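In what follows, a single structure is set out as C-alpha cells and then discussed.
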Amino acid sequence: MQKPSIPQGTRDFGPAQVARRQHIFNVIRRTFEQFGYAPLETPTLENLSVLTGKYGDEGDQLLFKVLNSGNFLQNERRGVITPNVTAEDLDAGPKVVLPKIAEKGLRYDLTVPFARYVAMNRGTLTFPFRRYQMQPVWRADRPQRGRYREFYQCDADVVGTDSLLCEAEIVLMMAQVLNGLGLHDFTIKINHRGVLRNIFQALGGAGNENDLFVAIDKLDKIGREGVSKELLEKGFAASVIDTLFELLGVEGDYAEKLQRLLAGFATAGVESDHDRGYRGLAELADVHDLLVASGFRQFERLEFDPALARGLSYYTGCIFEVKINNVAMGSVSGGGRYDNLTGAFGLPGVSGVGFSFGVDRLYDCLESLDLFTETAETPTRCLLTHFDKESGLAALPLLAQLRAANIPSELYPDASKLQKQFKYADAKGIPLVLILGPEELAAGVVKIKILKTGEEKVLPIGEVVSALTV
RNA sequence: GUAGAUAUAGCUCAGCUGGUUAGAGCGUCGGAUUGUGAUUCCGAAGGUCGUGGGUUCGAGCCCCAUUAUUUACCCCA
C-alpha cells in the first residue's frame, strides 16, 4: 500500500475551506462586475511559445512544462529521442531539447494569456475592452509561507485606453474588495515607472537601471543599510546613494511628496518629459484628483511610495501594490499600466492597465487575523432522522418538499441509533434535526429540534415547510 | 538554485546522558434505563518511530546517505 500524497506546493480544500474561498471570490467578482468588467477564461495549457520570454529568465525557469504526447523511448536504441531531437541537441543541453519535447506549459499568470487573447481576437473586440479573470496559475517555485505552486489569481484589466480614470478605478476596486472582506487595515502603495526613471536620471545615469529598481524595491524589507550594501556591490557610488535616499526619503502626504520630488528632480537637472514637468509625477497627481472626484475617502490608506518598483518589466506607467498591515505576508494585490503588452503577439500600441488579487494570500490573511465568521462544514440546514424502513420512506415526500422550497436537506441514509444521527448533525453543524419516527407518523406531526438551543417544537407535517421558510 | 530546521498513532505532539512490553491530548469505534447531539464517566482499536546503511551487548535517541515536509534568501500573488 502506498502512502497517499499530493505534489509539493499544492493543497486540498475541504468543504469549510471552499466555502470561505467562495466568499472571497464572490466579493471580488461582485466588485469587478460593478465596475463593468466582463469575465474571461483561458485554457490551463498555453503553447510554450506564448509563455516563454514574457517573465524574464527567472520566470522561464518557473514555468511548468508539459511533455509532448508519444513514446519518447521508442527509438532510444537507435539513438533517437524523437524525430526532432538529434544527438547534437542532447549535447547542447535542456535549452535546446526542452522546446522540442515540450510544446505546452501551464499558465504562469493571467495577464499574458489575456494579451494573447486580445491579439487573437483584435477584430471582434470592442475597445476599450474590460475583462476580469479568476483562474489558477502554476509556478515551479519553492513553496513557503504565502507561496504555493498552484494558486488563484483574480485579474481585472482594461486595454485600449490611456485614461488615468482606469488607474483611479483600480484603487477604488482594491479598497472596495478589502473593505468588503473586512480587511480594513491595508495600505495601497502607488508609484509610477516614470518617477523611477526620473530618479535614475537624477542620479546621473550611472550604473544599471534595473539593478537600482530591484534594490530600492526592497527598502521597506531590508532597510537603508541593506539597500546601500546591495547598490555598492552593484557598483553605485556612495555619493549617488546619498542622493537616492534624499529623493526616496521625501516626507509628507501624497501631494507634498509629489511637490518635493518635483523640486528634487529640477535641482538634479532632470530633463522635463511632460508639459507639466514630469510625466510620472503629473499622472500620479491626476490619479489623486480623479479619486477625490470619485468620492474616495480612504486616502490615509493610499500611499505614494517612490521606492515601489515591482518586478515584472512590462509595466510602464502607474504601479500598485497592496499589503495587509500587521500580517507577515507579501503583497495580496498588485498591478500597473503597460504600454505595449500585445506587442509580442503582433499587435503593437495597445496600452492597458490592470491588477490582480491573490486569493490564497487573502485567505491566509483573513485566517491569521481570525476574520472568518462562517465555518459551515456543509450547506445542509435540516437533517431528517431515520428510524426504520417505514419511517425512512415516509420522510421522502417531506425531504422533496424541503428541497423544492430551497432548504438544503438530507435524510440520514441509515436507520442508525438516534444518538449517532444527532452526533452527525452536530459534527457537521446542521442547525435543525427533524424527527419523524413511528410516534410522529402516527400523529401526523414532525418534531423539530434546534440543536443550538436544544429547543423542540412539534408541528403538523403539512406546516413544516412553511414554518421553515420564514 | 543557496542556507537552515523537522520527520514518532488518523491529527497535534511528548519520549531525560542510548537501557526491558514507545506515551498523552484530540479524533474514531463501543458502552453508561435500547427515541436525542455538543458537556460528563467507562472501555477498545490504532505505531516494524520517513526509508536504507553504520556504530553498539543494546538505537525512537548517536553517525552517514536518501526521500519528503517546512522556513529564510532569490523572485513573486
>> Residue by residue through segment A:380-388, what is 3J(HN,Hα) from phi via Karplus (6.51 cos²θ - 1.76 cosθ + 1.60, θ = phi - 60°)? Round to whole Hz and write x for glycine and proline.
In response: 4, 9, 10, 10, 8, 7, 10, 9, 8
>> Straight-line reach only, C-alpha to C-alpha below 18 angstrom: list the aspartates and glutamates that A:Lys417 could link to, leaving out same-chain residues fewer than 8 apart.
In response: A:Asp388, A:Glu390, A:Asp426, A:Glu439, A:Glu440
>> Once R0 is set to 22 Å, what does the formula 1/(1 + (r/R0)^6) return for the Cβ-Cβ distance between A:Asn340 and A:His274, expressed as a FRET efficiency to the nearest 0.05?
In response: 0.70
>> Could you tell me which residue out of A:Gln419, A:Asn198, A:Gly280 lies farthest along the dipole of chain A toward its positive end? Charges go on the beta carbon: Lys and Arg +1, Asp and Glu -1, centred on the Cα centre.
In response: A:Gln419
> What is the magnitude of the charge dipole of segment A:382-468 about its Cα centre, with +1 placed on the Cβ of each Lys and Arg, -1 on the Cβ of each Asp and Glu, and no other charges, expressed in debye to the nearest 20?
Replying inline: 280
> Whose amide H sits under 5 Å from the amide H of A:Val446, counting only residues 5 or more places off or on another chain, with H placed in the peptide plane?
Replying inline: A:Leu459, A:Ile461
>> If you take every residue apart from A:Asp253 with its C-beta less than 10 Å away from the C-beta of A:Asp253, what net charge results, scoring Lys and Arg +1 and Asp and Glu -1?
In response: -3
> List the lysines whose alpha-carbon lies under 20 Å from that of A:Lys189, not counting same-chain residues fewer than 8 positions away?
Replying inline: A:Lys218, A:Lys221, A:Lys257, A:Lys323
> So how much slack lies between A:Asn68 and A:Lys221, counting 0.36 nm per residue of separation and subtracting their Cα-Cα distance, in nm?
Replying inline: 50.9 nm
> Quick one: Karplus J couplings for segment A:337-352, per residue in order, coefficients 6.51, -1.76, 1.60, θ = phi - 60°, nearest Hz, x for Gly and Pro?
Replying inline: 9, 10, 8, 9, 5, 8, x, 5, 9, x, 10, x, x, 8, 9, x
>> From the convex hull of the Cα coordinates of chain A, what is the mean projected area in square nanometres?
In response: 32.6
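With only Lys, Arg, Asp and Glu charged, each at its Cβ (+1 for the first two, -1 for the last two), find how big the charge dipole of segment A:272-340 is about the Cα centre; round to the nearest 20 debye.
That gives a dipole near 240 debye.
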>> With +1 on the Cβ of every Lys and Arg and -1 on the Cβ of every Asp and Glu, and nothing else charged, how large is the dipole of chain A about its Cα centre, in debye rounded to the nearest 20?
In response: 1300
>> 5 Å is the cut-off here: which amide hydrogens, built 1.01 Å from N in the peptide plane, fall below it relative to A:Leu436, excluding neighbours closer than 5 in sequence?
In response: A:Thr385
>> Which residue, A:Ile170, A:Leu40, A:Leu384, has the largest displacement toward the positive end of the dipole of chain A when charges sit on each Cβ (Lys, Arg +1; Asp, Glu -1)?
In response: A:Leu384
> Assuming R0 = 41 Å, what is the FRET efficiency of A:Leu371 and A:Asp91, from their Cβ-Cβ distance, to the nearest 0.05?
Replying inline: 0.15
> How about segment A:354-462: which trypsin sites (Lys or Arg not before Pro) there are in a DSSP loop, with at most 10 other Cβ atoms within 10 Å of their Cβ?
Replying inline: A:Lys417, A:Lys452
> Taking a point 7 angstrom from the Cα of A:Gln61 along the C-beta vector, which residues in segment A:202-246 have backbone N less than 18 Å away?
Replying inline: A:211, A:214-215
> Where the centroid of each part is defined by its Cα atoms, how far is segment A:20-47 from segment A:127-171 in Å?
Replying inline: 10
> Which of the aspartates and glutamates could be linked to A:Lys95 by a straight reach, that is with a Cα gap under 13 Å, when you skip same-chain ones fewer than 8 residues away?
Replying inline: A:Asp57, A:Asp60, A:Glu103
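If r is the Cβ-Cβ distance from A:Arg21 to A:Leu441 and R0 is 45 Å, what FRET efficiency results, to the nearest 0.05?
Approximately 0.60, to the nearest 0.05.
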>> When a/c reaches 1.5 or more, the comparison of a/b and b/c decides; with that in mind, is segment A:382-468 rounded, prolate or oblate per its Cα gyration tensor?
In response: rounded
> How large is the helix-only mean residue ellipticity at 222 nm for chain A, computed as the sum of -39500 (n - 2.57) over DSSP H runs with n ≥ 4, divided by its residue count, in deg cm²/dmol to the nearest 500?
Replying inline: -12500 deg cm²/dmol
> For segment A:320-470, what is one quarter of the convex hull surface built on the Cα atoms, given in nm²?
Replying inline: 15.2
>> What percent of all Cα-Cα pairs in segment A:273-330 falls into each 10 Å bin, going from 0 up to the bin containing the maximum distance?
In response: 17, 44, 33, 6, 0
> What residues have an amide H closer than 5 Å to that of A:Gln153, excluding those fewer than 5 places away on the same chain, when H is modeled at 1.01 Å from N in the peptide plane?
Replying inline: A:Gln135, A:Val137
> Hey, if you put +1 on the Cβ of every Lys and Arg and -1 on every Asp and Glu Cβ in chain A, which of A:Gly352, A:Pro7, A:Tyr55 ends up farthest toward the positive end of that dipole?
Replying inline: A:Pro7
>> Taking 0.36 nm per residue of sequence separation and subtracting the Cα-Cα distance, how much length would be gained by fully extending the chain between A:Lys100 and A:Arg11, in nm to one decimal?
In response: 28.9 nm
>> Give me a comma-separated list of calculated 3J(HN,Hα) values for segment A:209-223, in order, Karplus coefficients 6.51, -1.76, 1.60 applied at θ = phi - 60°, integers in Hz, x for any Gly or Pro.
In response: 4, 5, 4, 4, 5, 4, 5, 6, 4, 8, 3, 6, 9, 10, x
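Each value in this text was obtained by applying a stated rule to the coordinates, not by laboratory testing. Every value quoted in this text rests on a predicted model; they were computed, and no experiment measured them. Reconstructed Cβ throughout: ideal geometry from the backbone, glycine too, with neighbour counts over all protein chains shown.
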